[in-house]
Every structure is written in C-alpha cells, then in structure tokens.
Amino acid sequence: MAKVTKINHIGIAVSDLDEALKFWRDILGIELDHIEDVPSSKAKVAFLPVGDSDVELVIPASEDAPIAKFIAEKGGGIHHLCIEVDDISAMLAQLKEKGVRLIDEEPKVMPGRKMAFIHPKATGGVLLELYEITK
C-alpha cells in the first residue's frame with residue numbers, strides 16, 4: 001500500500017514573479033533556489049525551500065495556461081498543496097479503486113519526479129498534487 005511521506009510544497013499562483021519575490025525573498029528572507037519551466041502545465045515555477053518543504057511560486061508561461069485561468073478568476077494566492085508519496089502509481093490506483101475523482105489517472109514524468117493531481121471536488125475544495133521523487 002502506497003503511503004504519504006511528507007508535505008512537499010505549497011503552490012502559490014502569481015502573475016508577476018519579480019513582485020512576488022519582493023515579499024518571499026526580499027522581505028521574508030527565503031532564498032530562491034531555482035526557477036524551472038514546466039511545459040506540461042504551461043507554467044514556470046520558482047522554488048523557495050523552507051525546511052523540508054518548498055514554497056513554489058507558479059507563474060503562467062502562456063495566456064492559455066491553467067494557472068492563468070486561476071489567476072484571472074481568483075487573483076492569485078494559494079493554488080495547491082503537494083504531498084509526497086512513496087509510490088505514485090500505486091497511490092493513484094488506490095484512490096481510483098476508492099472512487100476518488102482524479103485529474104490525472106497516470107503520473108506525468110518530469111526530471112527527478114512524477115506528479116499527478118487529484119480533483120478539488122474529491123478533497124473538500126483543495127487541489128492536491130501527488131509527488132514521487134525519482135532521483
């Protein structure tokens with residue numbers, strides 16, 4: 001049986017990375033680790049480590065990105081919570097077997113990780129991302 005191991009990150013939707021970094025990096029003093037493109041989500045993500053987790057600032061890479069729609073509707077803010085699991089394929093199978101509504105039935109493979117989303121209607125309104133570290 002697959003298990004949840006920790007909170008990996010909290011994703012925060014932002015429309016302007018420089019403005020967001022003025023608070024997270026410059027005022028709070030959280031160091032920016034790196035920024036990466038996430039083509040499968042049409043987004044760029046800035047990683048700011050805090051203890052064993054990250055704050056991820058998620059920026060739309062195009063106007064048709066899902067995160068752009070979120071920002072247009074809600075004005076930005078907390079977008080999702082990500083929990084790390086030890087076996088994402090097994091976890092997705094367990095959830096599907098229990099009738100949980102999934103956005104991704106198969107994990108997306110990215111460098112160093114696999115990821116999938118659970119629909120907010122299944123979680124009481126929270127967009128939940130599952131991560132499995134593969135490094």
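Computed quantities for the displayed model
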{"read-out": "Residue tally, condition among the β-branched types (Val, Ile, Thr) and part of a loop (DSSP other than H, G, I, E, B), over the stretch 20-58", "value": "1"}
{"read-out": "Subset of the stretch 38-58 (residues that are farther than 19 Å from residue 104 by Cβ and open to solvent by 30 Å² or more (accessible area, probe 1.4 Å))", "value": "44, 49, 50, 51, 52, 53, 54"}
{"read-out": "Some residue of the stretch 12-19 being surrounded by 14 or more Cβ atoms within 10 Å (Cβ to Cβ) and in a strand (DSSP E or B)", "value": "yes"}
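The values are calculated or read from the model by the stated rules, or taken from the named source; none is laboratory data. All figures in this text were calculated on a predicted structure; none of them were measured in a lab. With ideal geometry, Cβ positions are generated from the backbone for all residues, glycine too; neighbour counts draw on all protein chains shown. Please note that ligands, DNA and RNA were not included when accessible areas were found on the heavy atoms of the full protein model with its side chains. Shrake-Rupley method; radii C 1.70, N 1.55, O 1.52, S 1.80 Å.
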